[in-house]
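Comments concern the structure below.
The values are calculated or read from the model by the stated rules, or taken from the named source; none is laboratory data. Everything numeric here is computed off the predicted structure, so don't read it as measured data. Here the Cβ positions follow ideal geometry from the backbone for every residue, glycine too, while neighbour counts run over all protein chains shown.
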Amino acid sequence: FQTVFVGKNKPQKDPLSSSRWQGFRLEEYLIGQPIGKGCSAAVYEAAIPFPGSRGSAEEEPVEKHQPKEAFPLAIKMMWNISVRMSVENAELVKAKLWLSGTGDVDCLMNGDRCDLWDLLMCRKPVLGRKKLQPHPNIIQVIRAFTSSVPLLPGAFVDYPDVLPLSLNPRGIGYSRTLFLVMKNYPCTLRQYLQESSPDVRLSTMMILQLLEGVDHLVRHGIAHRDLKSDNILVEFDSAGCPWLVITDFGCCLADENIGLRLPFTSSYVDRGGNGCLMAPEVVTASPGPGTVINYSKADAWAVGAIAYEILGLANPFYGHGDSTLESRSYRDDQLPSLPDGVPLEVKQVIKMLLRRDPDKRLSARVAANVLHLSLWGESVLASKALKPDQMIAWLLCQSAAALLMDRLADKSRVETKMKMCFLANLEYEDLWAAIFLLLAWRSRS
């Protein structure tokens with residue numbers, strides 16, 4: 001099954017694929033309005049005008065309220081306050097990015113303060129970094145290049161301090177920096193949930209997509225460490241079903257030498273970004289000789305917390321007041337109840353993703369398998385004495401249906417893509433672990 005579907009599980013088409021060498025200079029882009037900013041970068045909507053049309057990053061800002069379709073790209077300008085980047089140094093950065101491949105360039109940005117410095121000075125060797133293979137639920141960086149810092153819309157309001165002296169006499173930034181180009185998505189998960197209330201089945205599919213993305217990261221030895229609804233992008237298939245994409249890897253752990261086990265020898269070691277959604281084993285770790293933080297299930301814990309938001313409830317680890325939990329000190333029995341309409345297995349998955357003890361917590365893979373079976377495996381689960389040959393027969397039917405839908409129907413349909421992700425990641429032990437969990441939960445209900 002993996003042999004058939006791994007090749008089918010391809011990333012989205014490169015919007016700039018028509019010209020392999022296009023899009024590596026800032027001057028080629030028409031920059032629109034700001035999309036957002038974080039602690040290490042600002043993001044703008046962008047487009048590459050057709051030949052003969054006017055517009056670039058150096059010209060006057062474009063008018064507000066342009067149609068979303070006019071800017072199919074998003075360009076991320078990293079703030080460079082750490083290293084003076086000469087032309088020679090800029091070429092070195094470009095060479096390193098070329099050697100590593102632009103598809104995983106966000107994973108080179110490991111930390112908010114030292115990204116360009118480390119990249120330039122080889123403190124964290126690029127060739128030793130984890131190479132993240134493309135996945136439909138992980139953001140894909142289309143282009144990466146260095147350029148002079150331009151004066152973009154909102155710069156003096158949103159980030160005046162990181163501008164170079166040539167643009168702001170009080171700025172502390174350097175004149176050259178790194179730019180990343182990605183697809184421009186309609187909204188973040190937080191924005192989507194503010195305007196929409198997905199039903200239980202759709203919510204389950206959304207949680208499942210996050211688990212698939214996290215499982216892909218874990219398989220490649222990468223921890224995101226800053227999962228939250230603001231760092232998840234959303235687009236829609238032809239039927240209006242949301243497709244989720246994990247983005248913003250500025251705080252990720254992606255080191256070939258240590259994998260998901262971070263030596264926590266001092267308080268200066270960065271544990272990640274979002275303190276509210278930091279897993280218990282991470283936030284309670286005490287620095288010292290021999291201390292190691294294991295991130296293998298930390299992102300899965302964050303998905304469990306975000307699941308409350310997707311199901312229409314407040315995130316129990318946000319806010320203030322008596323009802324707010326802290327990951328440092330909460331007990332498993334303090335988790336808020338989920339709505340009555342949520343299926344038993346979905347409730348159990350979320351409960352087990354939020355276990356304080358990572359040894360008792362579900363992995364992203366097993367949790368994803370449970371939700372897949374809950375959504376599409378009712379026929380095989382109905383058997384009173386499930387045997388391996390019955391499971392294989394069901395998988396063959398699922399494979400045939402997925403391949404047929406992929407060939408005949410709209411390839412962007414969320415359900416088809418999710419089934420193909422499931423079949424591409426099949427592992428015998430993990431699948432049966434999910435089956436036994438489901439059957440045990442149902443037998444006790």
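Looking at residue 380, is it surrounded by 14 or more Cβ atoms within 10 Å (Cβ to Cβ), of a type in the set (Val, Ile, Thr) and either touching a His at 6+ places or on another chain (Cβ under 8 Å) or closer than 26 Å to residue 230 by Cα (or both)? Spelling it out, it is not the case that residue 380 is surrounded by 14 or more Cβ atoms within 10 Å (Cβ to Cβ), of a type in the set (Val, Ile, Thr) and either touching a His at 6+ places or on another chain (Cβ under 8 Å) or closer than 26 Å to residue 230 by Cα (or both).
Quick check: anything in region 124-142 modelled with pLDDT under 50, closer than 16 Å to residue 41 by Cβ and outside any helix (DSSP H, G or I)? No; the residues of region 124-142 include none that is modelled with pLDDT under 50, closer than 16 Å to residue 41 by Cβ and outside any helix (DSSP H, G or I). Of everything listed in (1) part of a helix (DSSP H, G or I); (2) in contact (Cβ under 8 Å) with a residue 24 or more places away in the chain; (3) out of contact with any Cys (no Cβ under 8 Å at 6 or more places or on another chain), the single unmet condition for residue 415 is (3).
Restricting attention to region 156-204, the residues being within 30 Å of residue 418 (Cβ to Cβ), surrounded by 13 or more Cβ atoms within 10 Å (Cβ to Cβ), touching a helix residue (DSSP H, G or I) at 6+ places or on another chain (Cβ under 8 Å) and among the basic types (Lys, Arg) number 1. Screening 180, 217, 193 for residues that are within 19 Å of the chain's Cα centre (by Cα), on the phi < 0 side of the Ramachandran plot and part of a strand (DSSP E or B) leaves exactly one candidate, 180.
The single condition from (1) touching a residue at least 12 places away in the same chain (Cβ under 8 Å); (2) acidic (Asp, Glu); (3) more than 15 Å from residue 31 (Cβ to Cβ) that residue 199 fails is (1).
Can you tell me which residue is modelled with the lowest pLDDT among those in region 374-388 that are part of a loop (DSSP other than H, G, I, E, B) and more than 17 Å from residue 422 (Cα to Cα)? Among them, the one singled out is 384.
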